[in-house]
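**Q** After the structure tokens below, expect a handful of questions from me.
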Amino acid sequence: MADKKKSLSSSSVLVQLYNNRKLATKVDNMLDEGQTYDYNGHKNCLKEERIGATNRNRFGSLMSVVAYNNATDIEVLFDNGYRTHTTWNAFKRGEVKNVYDRTVYGVGYLGEGPYSSTEKGKRTKQYNAWSAMLNRAYSAKVHKKNTTYQECFVVEEWHNFQTFAKWFDDNYYEIDGDIMNLDKDILLKGNKCYGPNFCVFVPQQINKLFVKADKHRGSQPIGVYYHKTLNVYYASINVNGNYVRKSFSTEDAAFQFYKKTKEAHIQEVAEKYKGRIPDRLYKAMLTYRVDKND
């Protein structure tokens, strides 16, 4: 292109040629043959050609180009109405993200709103709590390891991260020295649904009071095991890190001891945390009753 007979008047053409070797070769050949390169015409032709183009992203969502400024600035409209700006190359490769694609365990989607999944390169507390909840409800790997989550599900409104994150901000609290857990079944015993009605943030020390080891229990009621050699029933309970164990001649007597001790311990812990935990959690702990099949 050093030939003196070649002349390009537009600086934007030079930038275009610099960034696109294929186009540079084409224009160079045209000028060698004495032809003229119409930059504006080429640009307009691309615009007309690419507006209306359709493709699917990697999650299968249909998208179309509705505005084309240049190859690095196009506007895409998804079939669900979501619009976003991207590049032509990303569009052609199907790499455009749709915030309504159910990308988390095939259920959760980010949605439109003020909440981001990351902040300064790290996952936010809201996102970590949301994804962990979906993991418990919808991960086959988790269900295989812990069968208590097999029937769990998340209400539709919480499939949207924006909705859950708003609830998180309205309800999350911290207590010094405690890790906080999202719980679904202290307020409503046996509840399998994650949603705003019965979910509550709980200090881990409280949450541990309600954890059950079903696979280790056997056929006896909760808190009871049978010693075959001695022909006695033992009630066993952890109270403030110390195991209390007592033997009984009948299964029911052992369970009644466990039940009374466990309920009293839960109430004791509730009083310890009174004023620092939500009132509905405090009241649920005071009225919690242990059943044989817990």
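**Q** Looking at the stretch 238-251, is at least one residue out of contact with any Leu (no Cβ under 7 Å at 6 or more places or on another chain) and in a helix (DSSP H, G or I)?
**A** Narrowing the stretch 238-251 to residues out of contact with any Leu (no Cβ under 7 Å at 6 or more places or on another chain): 238-251.
So of that shortlist, the ones also in a helix (DSSP H, G or I) come out as 251.
So far as the stretch 238-251 goes, yes, one or more of its residues are out of contact with any Leu (no Cβ under 7 Å at 6 or more places or on another chain) and in a helix (DSSP H, G or I).
**Q** Which residue, of 222, 206, is part of a helix (DSSP H, G or I), hydrophobic (A, V, I, L, M, F, W, C) and out of contact with any Ser or Thr (no Cβ under 8 Å at 6 or more places or on another chain)? Spell out the reasoning first.
**A** Working: 222 fails: part of a helix (DSSP H, G or I).
Within the list 222, 206, the selection yields 206.
Each row is one residue, and each column tells you yes or no for (1) farther than 19 Å from residue 195 by Cβ; (2) β-branched (Val, Ile, Thr); (3) not assigned by TED's automatic domain parsing to the domain that holds residue 69.
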site	(1), (2), (3)
83	yes, no, no
88	yes, no, no
113	no, no, yes
117	yes, no, yes
122	yes, no, yes
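**Q** Can you name every residue in the stretch 237-294 that is in contact with a Ser or Thr (Cβ under 9 Å, 6 or more places away or on another chain) and under 13 Å from residue 221 (Cβ atoms)?
**A** Of everything in the stretch 237-294, those that are in contact with a Ser or Thr (Cβ under 9 Å, 6 or more places away or on another chain) and under 13 Å from residue 221 (Cβ atoms) turn out to be 237, 254, 258.
**Q** Condition check: touching a Leu at 6+ places or on another chain (Cβ under 7 Å), modelled with pLDDT of 95 or more and within 24 Å of residue 207 (Cα to Cα). Does residue 107 satisfy that? So that I can check it myself, show each step before the final result.
**A** Numbers: touching a Leu at 6+ places or on another chain (Cβ under 7 Å): yes; modelled with pLDDT of 95 or more: yes; within 24 Å of residue 207 (Cα to Cα): no.
No.
The values are calculated or read from the model by the stated rules, or taken from the named source; none is laboratory data. Because the structure is a prediction, the values reported are computed rather than measured. Quick reminder, even Gly has a Cβ in these numbers, built from the backbone with ideal geometry, and neighbours come from all protein chains shown.
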